[in-house]
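This report concerns only the one structure given below.
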2 protein chains.
Amino acid sequence: MKEEAAGVPEESGAPRRRGRRPGGSDTRVALLEAARTVFAERGYDGATVRMIADRAGVDPAMVNHWFGGKEKLFVAALDLPADPGAILSEALPGDPDHLAERVIARLLQVWDETGGTQLATLLQSIASHEVAAGLLREFIGRVLVHKVLSAVAPDRPELRATLAGSQMFGLAFVRYVLKVEPLASADHATIIAAVAPNLQRYLTGRLP
Amino acid sequence: MKEEAAGVPEESGAPRRRGRRPGGSDTRVALLEAARTVFAERGYDGATVRMIADRAGVDPAMVNHWFGGKEKLFVAALDLPADPGAILSEALPGDPDHLAERVIARLLQVWDETGGTQLATLLQSIASHEVAAGLLREFIGRVLVHKVLSAVAPDRPELRATLAGSQMFGLAFVRYVLKVEPLASADHATIIAAVAPNLQRYLTGRLP
């Protein structure tokens, strides 16, 4: 849990790792830049770790070293405040009827830690750059839907993913960016009780 | 319905009205600028039509002439793609159990007309300017909650307004800005059937 949040502020240079950086933190920055380019050109599925490493002029092993794999590199390149795929994977085990509660609880925890600034930045980059929007769209389709939601949703996983995304994205926006009360300072239990039934319907309920 | 949408692209200078502009279209621009300043300083309730007109150096009657009143001037100053207060007021008459369907149908109609660009612009300005976020927050609180939602919501209108806002804002974002399929090109009937039960619960259902 904590390692997710700790892995997020990548722009600060991840000082913990500096002692053993094999390619220097320049390697990390070069990989992030290369990743944004290659993901934008090839899409998430089309981009490989080797392509990105080649573009950055470093060994492919550096991707695992600095980011722990392609998906985490992608999340870092997009500057997402949390890895939605990882959060959904963590929340999957357990009673499917309470999946929404687990997802919301985990997201609130991550969002409270990262706060509104990073969400506002993400929003701005999505709203102003078609590339960022395209990458996130690709990610939602390939990673969230095919790896995660199709395992739990009985039918129409794509529609469910976008509906669930609309609810959770809107919640993040109103609570952390727009900061409208009482949602802005509501405790987690209140939000979970208010939102979970709606999210659960999108995830596993009957849809038209 | 059409007049709402036609009233929205105020930045284009509303050519229809130019023939009888008493203060020139400079008056309109001056009023918009003054409105942004005065609303930011005083809040929605604290700002008066007279204060804004004085700041702009024009007669207060110009506010009605160019915008049709304080609320519409506020909506124009915020560059909202639609007046949420007017839409909710229009949707209120009728069976309360189908209120959500009417709200979503009307919003989809307006949003389809204005498209993603204006929503993306609004999003950017909210994410990057605390003043815009503050104005919208004020508007949600004073106008949506107190004038409209408290008439229909049995209890906790503020919480309901923010929850409903989170759903509708997220829907606009995913459909028009992020453009994730299948939500991006789903027809209105599909979206209404999928989202209305959730929105209805926020508006009039049982909350924790």
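Summed over both chains, the accessible area lost when A and B associate is about 3400 Å², using a 1.4 Å probe.
Inter-copy label distances for B:Gln109: 4.5 nm (label point placed 7 Å from Cα along Cα→Cβ; shortest first).
Available extension along the chain between B:Asp112 and B:Ala184 is 24.9 nm, counting 0.36 nm per residue and deducting the alpha carbon span. Each copy carries B:Val152; placing its label point 7 Å along the C-beta direction from Cα gives inter-copy distances of 3.0 nm, listed from smallest up. Remark: label point of A:Asp26 defined 7 Å out from Cα along the Cα-Cβ vector; separations to the same position in other copies 5.7 nm, ascending. Working note: Debye formula, equal point scatterers on the alpha-carbon atoms of the range A:84-204, no solvent; log10 I(q)/I(0) at q = 0.10, 0.11, 0.13, 0.23 Å⁻¹ is -0.30, -0.36, -0.51, -1.47.
Spatial offset of the range A:89-124 relative to the range B:159-192 amounts to 19 Å, using the alpha carbon center of each. Element breakdown for the range A:84-204 at a 1.4 angstrom probe: carbon and sulfur atoms account for 59% of the accessible area. Peptides A:174-183, A:24-33, A:92-101, ordered by how many other C-beta atoms sit within 10 Å of their residues on average, highest first, read A:174-183, A:24-33, A:92-101. Here the contact order of the range B:84-204, divided by its residue count and restricted to Cα pairs under 8 Å and six or more residues apart, works out to 37 percent. Here the chain A residue lying nearest the rotation axis onto B, judged by its C-beta and given with the distance in whole angstrom, is A:Gly170, 1.
Can you give the accessible area per residue of the range B:84-204, in Å², using a 1.4 Å probe? All intermediate terms of the calculation are to be shown ahead of the outcome.
Numbers: 4300 Å² over 121 residues.
Normalised by residue count, the accessible surface of the range B:84-204 is 36 Å².
The values are calculated or read from the model by the stated rules, or taken from the named source; none is laboratory data. This one's a predicted model, so the numbers in the text were calculated from it and none came from an experiment. Neighbour counts run over all protein chains shown; Cβ positions are idealised from the backbone, glycine included. Accessible surface is based on the protein model in full, side chains and every heavy atom, while ligands, DNA and RNA are left aside. Shrake-Rupley method; radii C 1.70, N 1.55, O 1.52, S 1.80 Å.
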